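The values are calculated or read from the model by the stated rules, or taken from the named source; none is laboratory data. Just so we're clear, the structure is a prediction, and the values are computed from it rather than from any experiment. Backbone-built Cβ (ideal geometry, glycine too); neighbour counts: all protein chains shown.
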Amino acid sequence: MSSQPVLVLCDFQNDIMGFVPPEKKEAVIKGASKLLNFAREKKIPVVHVGVRFRPGHPEVSKRNKMFSLVSSRGPILVEGTPGSDHVAELKPIEGEFSVTKRRVGAHYNTDLTTILSALGATHLILGGVSTSGVILSTVRWAADADYEITVVREAVADGNDVAHQALLDHIFPHQANVVGVDDFIKTMS
(Lines give C-alpha, C1' and ligand atoms only; values in the text may rest on other atoms or scores of the structure.)
Protein backbone atom coordinates (compact mmCIF):
# COMPACT_ATOMS: atom_id res chain seq x y z
CA MET A 1 0.00 0.00 0.00
CA SER A 2 1.49 3.33 -1.01
CA SER A 3 1.65 6.38 1.20
CA GLN A 4 -0.50 9.41 0.29
CA PRO A 5 1.18 12.45 1.85
CA VAL A 6 -0.62 15.69 2.64
CA LEU A 7 1.12 18.84 3.88
CA VAL A 8 -0.74 20.48 6.78
CA LEU A 9 0.45 24.01 7.64
CA CYS A 10 -1.02 25.35 10.87
CA ASP A 11 -1.52 28.84 12.25
CA PHE A 12 0.89 30.77 10.05
CA GLN A 13 -1.28 33.84 10.56
CA ASN A 14 -0.32 37.50 10.93
CA ASP A 15 -1.65 37.87 14.50
CA ILE A 16 0.06 34.68 15.69
CA MET A 17 3.34 35.43 13.94
CA GLY A 18 3.28 38.85 15.63
CA PHE A 19 4.02 37.03 18.90
CA VAL A 20 7.03 35.18 17.46
CA PRO A 21 10.45 36.86 17.92
CA PRO A 22 11.73 38.20 14.56
CA GLU A 23 14.63 35.75 14.21
CA LYS A 24 12.37 32.75 14.88
CA LYS A 25 9.67 34.16 12.61
CA GLU A 26 12.07 34.57 9.71
CA ALA A 27 13.52 31.08 10.19
CA VAL A 28 10.20 29.24 10.48
CA ILE A 29 8.68 31.07 7.51
CA LYS A 30 11.78 30.23 5.46
CA GLY A 31 11.57 26.53 6.45
CA ALA A 32 7.82 26.32 5.88
CA SER A 33 8.14 28.12 2.53
CA LYS A 34 10.76 25.64 1.34
CA LEU A 35 8.48 22.79 2.40
CA LEU A 36 5.42 24.37 0.75
CA ASN A 37 7.26 25.02 -2.51
CA PHE A 38 8.41 21.38 -2.59
CA ALA A 39 4.86 20.13 -1.94
CA ARG A 40 3.50 22.32 -4.73
CA GLU A 41 6.21 21.15 -7.13
CA LYS A 42 5.52 17.49 -6.32
CA LYS A 43 1.73 17.96 -6.40
CA ILE A 44 1.37 16.96 -2.73
CA PRO A 45 -2.00 18.24 -1.49
CA VAL A 46 -1.78 21.16 0.92
CA VAL A 47 -4.13 22.09 3.76
CA HIS A 48 -3.77 25.47 5.49
CA VAL A 49 -5.24 25.55 8.99
CA GLY A 50 -5.97 28.79 10.84
CA VAL A 51 -7.67 29.76 14.08
CA ARG A 52 -10.38 32.39 13.67
CA PHE A 53 -13.24 33.75 15.72
CA ARG A 54 -16.31 35.83 15.00
CA PRO A 55 -16.22 39.48 16.14
CA GLY A 56 -16.37 39.58 19.92
CA HIS A 57 -15.02 36.01 20.21
CA PRO A 58 -18.40 34.39 21.05
CA GLU A 59 -16.85 30.91 20.61
CA VAL A 60 -14.53 31.47 23.57
CA SER A 61 -15.59 30.13 26.95
CA LYS A 62 -14.39 31.94 30.07
CA ARG A 63 -13.22 28.49 31.21
CA ASN A 64 -10.80 28.26 28.28
CA LYS A 65 -7.64 29.69 29.84
CA MET A 66 -5.70 30.32 26.61
CA PHE A 67 -8.43 31.65 24.34
CA SER A 68 -10.09 33.77 27.04
CA LEU A 69 -6.73 35.55 27.33
CA VAL A 70 -6.70 36.06 23.53
CA SER A 71 -10.25 37.43 23.54
CA SER A 72 -9.38 39.88 26.35
CA ARG A 73 -6.75 41.51 24.10
CA GLY A 74 -9.22 42.88 21.56
CA PRO A 75 -9.88 41.91 17.96
CA ILE A 76 -7.17 39.26 17.65
CA LEU A 77 -7.75 36.42 15.14
CA VAL A 78 -11.14 37.77 14.09
CA GLU A 79 -12.45 36.42 10.80
CA GLY A 80 -11.98 38.83 7.93
CA THR A 81 -9.29 40.93 9.58
CA PRO A 82 -5.72 41.17 8.24
CA GLY A 83 -4.48 39.62 11.49
CA SER A 84 -6.38 36.40 10.86
CA ASP A 85 -4.97 36.07 7.33
CA HIS A 86 -2.14 33.67 6.55
CA VAL A 87 1.25 35.36 6.26
CA ALA A 88 1.99 36.50 2.70
CA GLU A 89 4.75 33.93 2.14
CA LEU A 90 2.43 31.00 2.96
CA LYS A 91 -0.95 32.06 1.56
CA PRO A 92 -3.08 29.31 0.06
CA ILE A 93 -3.34 29.21 -3.71
CA GLU A 94 -6.12 27.85 -5.90
CA GLY A 95 -6.53 24.11 -5.38
CA GLU A 96 -5.28 24.14 -1.79
CA PHE A 97 -7.58 23.70 1.17
CA SER A 98 -8.26 26.10 4.03
CA VAL A 99 -9.59 24.90 7.37
CA THR A 100 -10.81 27.22 10.12
CA LYS A 101 -10.58 26.02 13.69
CA ARG A 102 -11.81 27.55 16.94
CA ARG A 103 -9.48 25.66 19.27
CA VAL A 104 -5.83 24.57 19.47
CA GLY A 105 -5.93 21.26 17.60
CA ALA A 106 -6.27 21.27 13.81
CA HIS A 107 -8.93 18.55 13.85
CA TYR A 108 -11.23 19.49 16.74
CA ASN A 109 -14.63 20.54 15.36
CA THR A 110 -13.22 21.15 11.86
CA ASP A 111 -13.62 19.47 8.51
CA LEU A 112 -9.94 18.46 8.38
CA THR A 113 -10.77 14.78 8.87
CA THR A 114 -13.25 14.90 5.98
CA ILE A 115 -10.72 16.58 3.67
CA LEU A 116 -7.97 14.11 4.58
CA SER A 117 -10.33 11.19 3.99
CA ALA A 118 -11.39 12.54 0.59
CA LEU A 119 -7.71 12.93 -0.35
CA GLY A 120 -6.96 9.37 0.75
CA ALA A 121 -4.30 10.73 3.11
CA THR A 122 -2.17 8.27 5.03
CA HIS A 123 0.84 10.50 5.80
CA LEU A 124 0.63 13.96 7.38
CA ILE A 125 3.55 16.35 6.99
CA LEU A 126 3.25 19.03 9.67
CA GLY A 127 4.49 22.56 10.04
CA GLY A 128 3.16 25.35 12.22
CA VAL A 129 3.23 27.63 15.19
CA SER A 130 3.33 26.59 17.92
CA THR A 131 5.12 23.31 18.52
CA SER A 132 3.60 23.00 22.02
CA GLY A 133 0.13 23.99 20.77
CA VAL A 134 -1.32 23.06 17.40
CA ILE A 135 1.54 20.74 16.43
CA LEU A 136 1.42 18.76 19.70
CA SER A 137 -2.37 18.47 19.53
CA THR A 138 -2.31 17.45 15.88
CA VAL A 139 0.48 14.89 16.32
CA ARG A 140 -1.42 13.23 19.16
CA TRP A 141 -4.67 13.13 17.19
CA ALA A 142 -2.97 11.90 13.99
CA ALA A 143 -1.13 9.16 15.87
CA ASP A 144 -4.39 7.96 17.43
CA ALA A 145 -5.93 7.98 13.94
CA ASP A 146 -3.06 5.81 12.60
CA TYR A 147 -1.53 8.34 10.20
CA GLU A 148 2.14 8.25 9.34
CA ILE A 149 3.39 11.60 10.68
CA THR A 150 6.36 13.77 9.79
CA VAL A 151 7.20 16.94 11.72
CA VAL A 152 9.63 19.15 9.82
CA ARG A 153 12.02 20.87 12.25
CA GLU A 154 12.52 24.10 10.33
CA ALA A 155 8.76 24.45 9.73
CA VAL A 156 7.76 24.59 13.42
CA ALA A 157 8.42 27.19 16.11
CA ASP A 158 7.43 27.91 19.69
CA GLY A 159 7.83 30.76 22.16
CA ASN A 160 9.24 28.31 24.70
CA ASP A 161 12.60 26.95 23.54
CA VAL A 162 12.73 24.25 26.22
CA ALA A 163 9.28 22.87 25.33
CA HIS A 164 10.08 23.12 21.60
CA GLN A 165 13.29 21.09 21.89
CA ALA A 166 11.80 18.57 24.31
CA LEU A 167 8.90 17.90 21.95
CA LEU A 168 11.09 17.57 18.85
CA ASP A 169 13.82 15.51 20.50
CA HIS A 170 12.00 13.42 23.12
CA ILE A 171 8.20 13.39 22.75
CA PHE A 172 7.33 13.47 19.03
CA PRO A 173 9.78 10.72 17.96
CA HIS A 174 7.56 8.19 19.76
CA GLN A 175 4.74 8.95 17.31
CA ALA A 176 6.26 10.84 14.38
CA ASN A 177 9.33 11.17 12.24
CA VAL A 178 11.08 14.42 13.10
CA VAL A 179 13.31 15.50 10.24
CA GLY A 180 15.05 18.49 8.75
CA VAL A 181 13.52 20.04 5.65
CA ASP A 182 16.45 19.09 3.40
CA ASP A 183 16.39 15.47 4.57
CA PHE A 184 12.64 15.34 4.06
CA ILE A 185 12.91 16.70 0.52
CA LYS A 186 15.69 14.23 -0.31
CA THR A 187 13.65 11.32 1.03
CA MET A 188 10.49 12.34 -0.85
CA SER A 189 12.26 13.13 -4.17
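Leu126: in contact (Cβ under 8 Å) with a residue 12 or more places away in the chain and assigned to a strand (DSSP E or B), yes or no?
Criteria met by Leu126.
With segment 1-112 as the region, which helices (runs of 4 or more DSSP H) entirely inside it contain at least 1 residues that are in contact with a helix residue (DSSP H, G or I) (Cβ under 6 Å, 6 or more places away or on another chain), of a type in the set (Ser, Thr, Tyr) and in contact (Cβ under 8 Å) with a residue 60 or more places away in the chain?
It comes to none.
Could you please tell me which pairs satisfy a Cβ distance under 7 Å, a separation of 6+ or placement on different chains, a first residue in segment 129-146 that is in a helix (DSSP H, G or I), and a second residue that is of a type in the set (Asp, Glu) and modelled with pLDDT of 95 or more?
From segment 129-146, the pairs are Thr131/Asp158; Ser132/Asp158; Val134/Asp11.
Yes or no: Phe67 of a type outside the set (S, T, N, Q), out of contact with any Gly (no Cβ under 6 Å at 6 or more places or on another chain) and modelled with pLDDT of 90 or more?
Taking the combined requirement at face value, the residue does not satisfy it.
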